[in-house]
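Heads up: the structure comes next, in structure tokens.
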Amino acid sequence: MPASPSVALAALLLSSSGCDGRDDGTIRLGNPQPETTEAAPAADLPPVAVNPVSPMEYPPALLEQGIEGRVLLRLYADSAGQLAADSTRVAESSGYPALDSAAVAGAPALRFSPALRNGRAVSAPFLQPVHFRNPRTRSKVP
């Protein structure tokens, strides 16, 4: 019998936050990708996710089917690392609307350290990948 969606929730693996970085085949947030200069002008360091556990919920139907994917979210965090309300957008779709929707729905629960420019906390837009990996498969989602 497949695991319930709550069991399928994974520990957040962030190599940038000092976590062990092992790939245990579960949902994880990746390291933010650098923005282009138009989206994050002169930010020295983008915001970094600090959630100890991923708030993303794997859509049960896709989990059951073994469907995996990566959603790239465009977010905007203020100088305290708080996401701006309604700033979440899908920058790159997984190809599965349910995965995209799950990433957008879970984004408000994400917590970030602020972006830094010249050592000072600043507001900044940034890209945040969200990986949905089925724990029963050991595939590598790009």
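The values are calculated or read from the model by the stated rules, or taken from the named source; none is laboratory data. This is a predicted model, so every value here is computed, not measured. Here the Cβ positions follow ideal geometry from the backbone for every residue, glycine too, while neighbour counts run over all protein chains shown.
Brief remarks on what is shown
- Test: residue in region 82-93 that is more than 20 Å from S123 (Cβ to Cβ), without any contact (Cβ under 8 Å) to a residue 60 or more places away in the chain and out of contact with any helix residue (DSSP H, G or I) (no Cβ under 9 Å at 6 or more places or on another chain): yes
- Identity of the residue in region 64-81, of a type in the set (G, A, S) and surrounded by 20 or more Cβ atoms within 10 Å (Cβ to Cβ), that ends up farthest from L127 (Cα to Cα): G69
- Restricting attention to region 81-134, the residues that are part of a loop (DSSP other than H, G, I, E, B) and within 27 Å of L62 (Cα to Cα) add up to 11.
- The residue of region 43-63 that is surrounded by the fewest Cβ atoms within 10 Å (Cβ to Cβ), among those that are in contact with a helix residue (DSSP H, G or I) (Cβ under 9 Å, 6 or more places away or on another chain), in a loop (DSSP other than H, G, I, E, B) and aliphatic (A, V, I, L, M), is V50.
- Every residue from region 82-95 that is of a type in the set (A, V, I, L, M, F, W, C) and exposed (fewer than 14 other Cβ atoms within 10 Å of the Cβ): A84, A85
- Within region 77-92, if we keep just the residues that are hydroxyl-bearing (S, T, Y) and over 13 Å from the mean Cα position of the chain (by Cα), the residue that is nearest to P46 (Cα to Cα) turns out to be S79.
- Within region 90-132, the set of residues being more than 20 Å from V50 (Cα to Cα) and in contact with a Lys or Arg (Cβ under 9 Å, 6 or more places away or on another chain) comprises V90, A91, E92, S94, L99.
- Any chance R133 is modelled with pLDDT under 95 and crowded, with 20+ Cβ neighbours inside 10 Å: yes
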